[in-house]
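Structure first, commentary second.
The values are calculated or read from the model by the stated rules, or taken from the named source; none is laboratory data. What you see is a predicted model; the values in this text were computed from it and never measured. As a convention, Cβ positions derive from the backbone with ideal geometry for all residues, glycine included, and neighbour counts pool all protein chains shown.
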Amino acid sequence: MKYTLLFLLFFCLSSQAQKRSTDVLNQSKELEEITVQYDPSAKDLIRKAVASSDKNNPEKVLKSFSFKNYTKLIVSADPDSLSEKIESVWTKKRGVEHVKIDSSKYKLKKILLKQHLYQTEKVSEFQFSKDKKLKERVTGARMAGFKKPIYEYLGLKLIPFSLYEDKITLFETKYINPVSKSGLSEYQFHITDTVYIGNRKVVATQFQTKNQHKSKRLSGMVYIDMESYAIAQTVFRVNTVINITAKNYFVYNKEYNLWFPSTNNFKIVKGNNKEDIKILGETIKFTTDAKGEKDNYDQVYVFSESWNSEIEFNPDIKIHKAQIALDISEASISRNENYWTPFRKDTLDLRSISTYTVLDSLVATEKYEEKIQIGRKVISGYIPLGAFDLDLRQLVKYNNFEGLRFGLGGTTNEKFSKFYKMFGYVAYGLKDEGTKYAIGNSVRIGNFTNSWLSITYTDDLLEYGNINFDVDKRRFKIYDPRPLNITTFYAHKTWKLAVESKIIPKTQAIWSLSQSKINTLIDYAFYNNNRYYTDYQLTLSTLSISWNPYSEYMQTPNGRLEYLSSFPKFTFQITHTIPNGLANDFNFGKFDFKIDYEKKYIRGQKTSFLMQSGIAFGDTPLTHLYSLSPNSLDKESLISRVNFTSKDGFETMRFNEFYSSEYALFQLKHEIGKLKIYSKVNPNLVLVSRAAWGDMHKKGNHQNMEFKTLTKGYFESGLELNNIYKGFGLSGFYRYGDYAFSNFKDNVSIKLSFNFNLGF
C-alpha cells in the first residue's frame, strides 16, 4: 500500500512536468565499481570491530537516549546536465508517416531551472529505552501540495539507524552487514587509508561482496576507530538495476566513549541497465537515443538527507504507547513556516521554495488529494460518493446456482461520521429468482485501538466447505472466477454481534457471536442423534486473530496502519457452538491456522509460501467442514475444463471431489520475472506447487453426497504465464500422486488469468 500510494503521488505530479511519468530515478553519471583485493590485516580489523560491537552499540551500552531528527527528500536533476533541444519525431499512423514535435526535454529543463520535481520535509522525536526499543514520534510533516501527508510515505525506511545488527536495510531491502560475523565470510576487505575524524584516528576499509554474481551485491567503505573499534562512518553502494549510495556519519561522545549517528544521506540514480525495472510496485523506464546519449529523463534522481540534534544520553524518559513504532500527531500536519526554520541546516534555496508554491497550486487544481483518496477506496473495493462508499463487489456476480446476480451495496464513510457507520447490500439472482440482503451498523468504541462494535443481519448464500478467516482483508477484484462454477450453496439467515480491535500489539482481532438458520438447498442431509437434518440452527462463537510480529505499525490521526509489512505472518481462528440456553442443534468446534511467508528480491523475483490447516471436532455438518477451494470442472474433455485461475485454489481438483474434517495444505510459488518473447509480449513466469493431506471422521453421517478424502495426499504443480498481453495470461497445471487419474489428459488443467492494473 505504501509503495503504490507513494508512486501514485509522484507520477501524478511528475507527469505534469515531464509528460512521461515513468522516466524517473536516473542519472547519467554511473557510480564507480570498486575491486577489493584480499587483505588479512583488514579482515582482522573487522573481526575486532565485530567482537567489540556490544560495547560500541548505543542500544547495548545506554539505558536510554533521545534526539530530534530533520529529514528532507527531493526528486530533482541538475539543470546544467539537461538538454533543451526540441526534436522532430516521425510516427506512422494508418500507414502514413507524420512528423511530431517533441518538446519534452525543453520543458523539463525549464521546469528544473525553477523548481524540483517534488519535495518533502519531516521532523521527528526519537526515544529509546532497552525495554521498549526505539520509537519515532512525528511532530512535523510536510509534503508539497498536500494539506495532509500520505502517512504511508512517512514510514519509508531508506537507511538503517543501527549498524550493529546482523543485517542492514537499504531502501527496504536487507543485506548482510559487513561488520558482522556473517559479513566476515560474505565480503572481501582492504585497508585503504588512515584518517582523523573528530580528532580520533580511524582506518578506512573498503569492502565488497565476494560473489559478484549474487543479486544482492553490496560494496563501500567502513571507517573503524583504532582505539574502540567502533564504526565512525560508512558508505554503502548498491550497483544493480538502480544505483544506491547511502552515507552515515557519526559524532564522538567522549564521556560515554561512543560514536552516535549524526547525519546521513541517500541517493538513487539509474543503474547499469537499459531495460525497464520494477521497483516500489511500479515499472520505471529508462531511455537512450540512437547516438547512445542518455535522455533528459535519465538524469532525474531521488536524494534524501537527514541530521540529528538535541542528542541526550541516559535521560529519564517514559515512552508512551511503546508498541507503536511510529506515532504521527494531529498537530504535525498543520505546522506553519516558522516551525521548520530552526531544524533546517540551511535556508531553502529558491528552487525549493518554488517547489512548494507551484505544487501547492498544482495539487489543488488537479485535485490529486481527492484522486489519492479515491485510489485508497478502490483498492479496498469501494467508490466514494459523498458520504457513502459504493461497494463494487456487489454490482454483478455469477454462479451456477443464482446465475447472474445483480446487487447494490455500500457503507457510510468518515464524511458521514468518524464514530458511526451503516452498511448493507441487496442482491437478486436471475436463475434462482431469490433476493438476498444484509444490513448492519457499527460504532467506534476505541480510537487508539481502532475498536468497533457492530451488529448485522444477513439473508444470503454461502459455499459448502468454504474456508474463511474473519480477519482476512477484503481485496478488490474486477472479477472472482471460482464462484462461476460452484453449484453447492446453502442458505443462511444470520444475526451477528462482533467486536473488532487492535488492542493487542501487532494484531487484529475479531470476536463474534452469531445465530443462524440454515437450509442445505441441495440433496444433502446430516445424520445426527438418530435424525436427518436438512434444516438446522447454529449458535457460534468465533475468535479470529492475525498476528504480524515482524511488521511495524504507525498511529495516525486516521487510525493504525501497518507501514512495514514483514513475514512470516500468522492467523488463528477458533469457533465453537454454544449449545446451552440458545437455539442450537449440534455441538462442535473448529480450529484453523495459517502461515504466510514472502521474500522479495531486488530484481523483481518473489518467493511465497503458504501453510494452512484446520480441524473440526464434534458433530459438524458438511456446510461447515473443509473443501480446500477446488477449481476444476468435472468434464471429460480438456477444452471443456478451461476456466480462470484462482488465487490459492487447487486448479486440478474437481468441485465437490474432496471434503475433510481435518486437513493441512502447502503452497510454494516462485515468480521468476518477465520473459522477453516479443516487444509487447513479456509474460511474468511463476512456478507453483501445491500439496494437501486430510481425513474425514464420521463420513457416513453425510448423506446423499459422494466425495473422497485426502488421506494419501494430493499433489499438483504447474506454471503461470501472467500478463502475456494486456493483462491476459495462461497457465497449466498437472495432477500427480495417488489421486491422479489413469488418463493423462484428465490430470491436466489449462487456465486463463487476467490482471487488471488500476495504476495505484
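Data overview
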{"quantity": "Region 257-268, residues that are crowded, with 22+ Cβ neighbours inside 10 Å and either touching a helix residue (DSSP H, G or I) at 6+ places or on another chain (Cβ under 9 Å) or within 24 Å of VAL202 (Cβ to Cβ) (or both)", "calculated": "TRP259, PRO261, ASN264"}
{"quantity": "Failed item, numbered, when LEU430 is tested on (1) of a type in the set (A, V, I, L, M, F, W, C); (2) farther than 22 Å from ILE522 by Cβ; (3) surrounded by fewer than 14 Cβ atoms within 10 Å (Cβ to Cβ)", "calculated": "(2)"}
{"quantity": "Test set (1) assigned to a strand (DSSP E or B); (2) farther than 26 Å from GLY220 by Cα; (3) modelled with pLDDT of 80 or more - PRO149 fails condition number", "calculated": "(1)"}
{"quantity": "Of residues in region 689-703 being under 16 Å from PHE650 (Cβ atoms) and of a type in the set (A, V, I, L, M, F, W, C), the one surrounded by the most Cβ atoms within 10 Å (Cβ to Cβ)", "calculated": "ALA692"}
{"quantity": "Subset of region 451-468 (residues that are surrounded by fewer than 18 Cβ atoms within 10 Å (Cβ to Cβ) and in a loop (DSSP other than H, G, I, E, B))", "calculated": "ASN466, ASN468"}
{"quantity": "Total residues in region 158-211, condition more than 32 Å from the chain's Cα centre (by Cα), closer than 24 Å to GLU305 by Cβ and not in a strand (DSSP E or B)", "calculated": "1"}
{"quantity": "Considering residues of region 508-537 that are out of contact with any Phe, Trp or Tyr (no Cβ under 7 Å at 6 or more places or on another chain) and among the aliphatic types (A, V, I, L, M) only, the residue nearest to LEU625 (Cα to Cα)", "calculated": "ILE522"}
{"quantity": "All positions within region 318-356 that are hydrophobic (A, V, I, L, M, F, W, C) and either closer than 26 Å to GLY559 by Cβ or crowded, with 16+ Cβ neighbours inside 10 Å (or both)", "calculated": "ILE319, ALA322, ILE324, ALA325, LEU326, ILE328, ALA331, ILE333, TRP340, PHE343, LEU348"}
{"quantity": "Any pair with Cβ under 6 angstrom, 6 or more apart, that starts in region 702-717 at a residue that is at pLDDT 95 or above and ends at one that is of a type in the set (Lys, Arg)", "calculated": "GLU716/ARG690; GLU716/ARG735"}
{"quantity": "Wholly within region 39-143, strands (runs of 3 or more DSSP E) carrying at least 2 residues that are at pLDDT below 90 and under 20 Å from LEU156 (Cβ atoms)", "calculated": "64-76, 118-129, 133-143"}
{"quantity": "Residues located in region 530-554, provided they are more than 15 Å from THR507 (Cβ to Cβ), touching a residue at least 12 places away in the same chain (Cβ under 8 Å) and of a type outside the set (Val, Ile, Thr)", "calculated": "TYR532, TYR533, ASP535, TYR536, GLN537, LEU538, LEU540, SER541, MET554"}
{"quantity": "Odd one out for ASP596 among (1) within 28 Å of ILE750 (Cα to Cα); (2) touching a Phe, Trp or Tyr at 6+ places or on another chain (Cβ under 9 Å); (3) acidic (Asp, Glu); (4) at pLDDT below 95", "calculated": "(4)"}
{"quantity": "Residue list for region 642-678, restricted to those being on the phi > 0 side of the Ramachandran plot and either not in a strand (DSSP E or B) or not assigned by TED's automatic domain parsing to the domain that holds LYS698 (or both)", "calculated": "ASN656"}
{"quantity": "Condition broken by GLU402, with the remaining ones in (1) outside the structural domain of PRO505 (by TED's automatic domain parsing); (2) under 29 Å from GLU370 (Cβ atoms) satisfied", "calculated": "(2)"}
{"quantity": "Unique match (being part of a loop (DSSP other than H, G, I, E, B) and over 16 Å from ASP585 (Cβ atoms)) among LEU513, LEU497, LEU521", "calculated": "LEU521"}
{"quantity": "Qualifying residues in region 219-239 (those that are of a type in the set (D, E, K, R) and assigned to a strand (DSSP E or B)) - the one nearest to the chain's Cα centre (by Cα)", "calculated": "ARG237"}
{"quantity": "Number of positions in region 240-256 that are surrounded by fewer than 20 Cβ atoms within 10 Å (Cβ to Cβ) and either aromatic (Phe, Trp, Tyr) or assigned to a strand (DSSP E or B) (or both)", "calculated": "7"}
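For (1) surrounded by fewer than 19 Cβ atoms within 10 Å (Cβ to Cβ); (2) within 35 Å of the chain's Cα centre (by Cα); (3) at pLDDT 95 or above; (4) acidic (Asp, Glu), each residue gets a yes or a no:
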| residue | (1), (2), (3), (4) |
| --- | --- |
| PRO483 | yes, yes, no, no |
| TYR490 | no, yes, yes, no |
| SER516 | no, no, yes, no |
| TYR550 | yes, yes, no, no |
| GLN555 | no, yes, no, no |
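Here is a yes/no grid of residues against (1) touching a His at 6+ places or on another chain (Cβ under 8 Å); (2) acidic (Asp, Glu); (3) surrounded by 13 or more Cβ atoms within 10 Å (Cβ to Cβ):
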{"residue": "LEU665", "(1), (2), (3)": "no, no, yes"}
{"residue": "LEU668", "(1), (2), (3)": "no, no, yes"}
{"residue": "LYS676", "(1), (2), (3)": "no, no, no"}
{"residue": "LEU687", "(1), (2), (3)": "yes, no, yes"}
{"residue": "PHE715", "(1), (2), (3)": "no, no, yes"}
{"residue": "PHE744", "(1), (2), (3)": "no, no, no"}
{"residue": "ILE750", "(1), (2), (3)": "no, no, yes"}
